[in-house]
Amino acid sequence: MTRIAVLFSALVLWLIAPAAQSNTVASLNPLDCENTRPELVVQMSSPLAAGQWRLMLNDADLTPLTNQGEGFLRVQVPEKLGVGTYRVMLMLAEDTGIWRQQSVGAFEVCVAQSTTTYQLNSHLAASSELTANTPLGQRPDDLVTQGGAAVRLEHLSRGWKAGGDANFVYDSRNGLVPSGREFDLGQYRLSWGKAEAWRLTLGHHNVEADGVAVSNFHRPGLSLGVKLPALNSRVQGFHQANQDSTGWQTPLGGKGHTSGLIWDVWVDPDNPGRGQLTGMHARSESDTDTTDGFFFPTPESSRVHSLQLRGGWQSYLQLRAEKARSSADFAADGFSESRRQRGAAEYLKIESTPLPASSWYWTAQASHQEVDREFVSPTNPFIQANVRSREFATHLSRGGLSVDLTHTRERDNLDRSDVATNHQQLSRIDMGYSFNSGLRLLGQTYLSANLEHAERTSTGLFPTEGEVRSVATRVQHGLEKLSWHWQVSHINAQSDGMLENRSLNTELGASFKLGSLATGLAITRQQTDLPGNGQRNFFHYALNLRAASDAKTQFYLNLDYNELEEQGAFFDVHDQRRSAGIGLSRTFLEGPASVKLSLTGSYLHQQQLFGSEEGLQLLLRLEIAANHSS
Amino acid sequence: MRLRKQLFQSCLSLALLCSVTAAAWGEILSLSGTANTSMLEPGQSQSVVITWTGSATGGEEGGSPLLFDAGEWLDSTGALLEVSRTRLSPTELEIPLTGGNTFEFTLRDPQVLSPELLNRALAVGNTIVFRRVFTQDGDRRSGEVVFQIGAPPAMRDTASLVPVALDVRFDSQRTVEVVPNHAALGAYARFHYRGVGLTTLTWELADPSSTSATPLFRTLDVERRYLQRQAAGALIESPLLPAYSAGWHLLRFSVSTDDGAVYSRVIRYYVVDPVAPKSPEGPLAEVQLVPDKPGQLTWATLPDVASYKLEIHTPMHDLSDNRFLKERVLLGLDDQRLKLLAAVYLPANTTTLNWTDIVISDPAQADARWRVLAFDAGGDLIGISKLQPLNLKN
């Protein structure tokens, strides 16, 4: 706690301290948002030497079209820009040969006239299938109807933007539509707002936040984001379901919702990387026992709040620090009494930014994460509790060579002498080298090797020591129409000096295109020794062929073979699964309505320890479909 | 003399009164519990039998039952984990009127522990305690039996992983998708766990033809990985998913551990019927690399052009990515999973450029694609070329 507080203070001082300025100050002229091809005029405080500057519009270089005058740069944007915000940046070369990036300003493009665009991809097909031979399991219905549609709509008018997308699903057979109905709404998102000022979103989406307290919270619900230019900030409020769902019976999810507020404050709104402070609070209520996890007891209610700081220093370093606290109430359920659980989590990451326009590409990052055993966040369902982790990673590349080094220390976060604690150190090195062999058959070649070493100790009543070593090498070759790879990996795990398991994996794959015939081939073999518990061998072969003589006639063949042999301590296992799929189709009518005749076959042979299954399906299908794509 | 005698009689009366009072209420004199085992195995359901033995006295006013409260499972800190619903045998014990004599009793208390209960106890310590409170005529006495739990899965290298959560989604973060033919569709799985272990990660697909009757899953990708970093969990990306057959596709991701446990999720996507692909040919189709200068890009001129824009993209699954594509759709269409790496606007009289003259935000990329767009004086797009491969390392 003390360390984090000191670090926070230092970071704040860094942010408010005046950043070293380049000698050149540049500013952008004001622009009318209704002009889709504005003329950019950048005023300079000092002259620029030829060849020592570049003018960038987002990721595009405008320098070849830019006119340089005395104290200014002038360029007409050559293409009509779409609605949105655009950043203008100046890159300056210094005496050391390093290019520095400097923000000049930003402008928005709105539209003077209203425009509406839509895209609809839909397909509805009715098919009848004649079955020959023994069907597998469920017999297909005599008449099957299925369909799907994806709709996207957007309306722009003088800076206002309304849009959305949704998918619809249909199938006459029960069970293939996620909600169990025949026809239903899939997942959707609608949004409405004034360009970069505010936006209201309804449907399946994430709020714009990522960290310890909020992460991967993609749920149906409602959110409103409002920018407050006078305060250099943005406020987002959200109300989303706890569970992901599909269907229009629960368009905003089922029971149980999470509500919250996120407030972002920027040092420079046009340059968010300079500094950002985010405060977040969320509260969740749930009256169901559903959970995304396997062994998570779901709290009756929970709350989390956090403070996150992001910033940069001298364009060399980027940092992110976050402190979060949670509180969760678990109701009595007949097996345990009600209780309140409080926890805390913190995260700190510092990473360097790559030097622009340098032949060496180098980045490094260090991170620290500490999560209490009792930490529960309603908006981060996947955070791992009871863990303390520190990691250092660096990446270096030049030419075709790249090297990644990672060192991680991880331990349980419960610090008690009477409780077993796991400690782990993990070191990893990834090396890759890419080159063009110049040989026709090999083309672009990529070699990679990964080495990983982990040491683990457990204290407590039954102390143990474990060690894992793994090595993997891979060779890949890629041409435009042919690519193949070969990979070997070896994993060796020991505990208390004795071998626990050893696994050798080999993989060979290739894909090529010959005329209109596209193929993919994969062979995987895994052998695992489990001393004292036997041996496990796994084989997998797969072949995919697909060809199309023209857009009307298509053919495919899939062969898949899995075999698992296991010599266990008490019994042996020999599982096999062979499957094949073949199809030939011909489209007789194209356009909005089409008629297609297809012959498909499926074969499955499955043999397992506790049963076997075998069957063959031959399906002659006549399909009448209505298509639309725009 | 007389006063001493009165005082003695008062004390004797008081003592008799106390003894009578004491003799009127029952009490538990002793209580102890033993179990048929003192060691429990984590990760599996098991049963134990606790035997309570003790002695009690009944009150003079009549027999009273020995009552038992619900049993409780506690962790090593004394926190309540679970209330046991198992009943004792016999369910009630009548202590006969003994007038102060001692009655011995023996009770059988069978209990069943679930793996979840043991895991929760292990999260705190290596012991779990069973406690039951007995009541006799207002006298309460609790008995406790302590069990040791064997080394938890997290302490053994060969022990199976304890899964915490598994989430599978498409790249759009949705769990159901409708995509047009030949769309570039991918998925990912997030797997969080406790412990360590060797796992097999499998992506499987049921094609529309197999979903017409019984879904037949074929293997798209299999990987053997030793999972041990708990803080970050595991992020597993799928290969590029087939989208060339119209209809329902079922995508299944499975995590298999060496002890035979399998955890899986299924998500669905629907492919819209194939529409004749648009011809890639068009203005500026002649973009090419200069044969003897692999880094030099060149393209044809166009009438009425005012400026060009040269774009460099990198495919999301390039050759340096370990998630190699095992089933690529190469029927005349480019990999649509592209990320813009760099772009430069050029005047109309430029038709050749070295890619090294372009500012690239991430020079670590090797495999790339490039194309050229042409704009007229009004800023309208009048030509676009086909995407061509480009090796950034040469």
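Nothing in this text is a laboratory measurement; each read-out follows from the coordinates by a stated rule. Owing to the predicted nature of the structure, the values given are computational and were not obtained by experimental measurement. As a convention, Cβ positions derive from the backbone with ideal geometry for all residues, glycine included, and neighbour counts pool all protein chains shown.
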Full-stretch length increase - A:Val403, A:Arg189 - with 0.36 nm per residue and alpha-carbon distance subtracted: 72.9 nm
Estimated FRET transfer efficiency when R0 is 60 angstrom, pair A:Asn35-B:Val146 (beta carbons, to 0.05): 0.15
R0 of 25 Å, Cβ-Cβ distance B:Glu27-B:Val49: FRET efficiency to nearest 0.05: 0.40
Cα convex hull volume per residue for region B:171-263 (Å³): 102
Cα→Cβ-extended label distance, 7 Å offset, between A:Glu154 and A:Gln102, nm: 3.4
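Listing B:Lys309, B:Lys386 from the residue with the fewest other Cβ atoms within 10 Å to the one with the most, what is the order?
On the way: B:Lys309 19, B:Lys386 16.
Exposure proxy ranking, most exposed first: B:Lys386, B:Lys309.
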Links that overshoot a 32 Å alpha carbon limit, given the list A:Lys80/A:Lys323; A:Lys161/B:Lys309; A:Lys161/A:Lys323; A:Lys255/A:Lys323; A:Lys255/A:Lys349: A:Lys80/A:Lys323; A:Lys161/A:Lys323; A:Lys255/A:Lys349
Residues with amide H under 5 Å from that of A:Arg173, placed H, sequence gap 5 or more: A:Thr145
Inter-probe distance in nm under a simple model that places probes 7 Å from Cα toward Cβ, at A:Ala230 and A:Ala197: 1.5
For region A:23-89, the Rg and Dmax computed from alpha carbons only, in angstrom: 11.9, 34
Rounded FRET efficiency, nearest 0.05, which uses the C-beta distance separating A:Met431 from A:Phe539 and R0 of 30 Å: 0.55
Where only alpha carbons of region A:210-293 are counted, the Rg and the Dmax (Å): 15.3, 45
Inter-probe distance in nm under a simple model that places probes 7 Å from Cα toward Cβ, at B:Ala300 and A:Phe588: 4.0
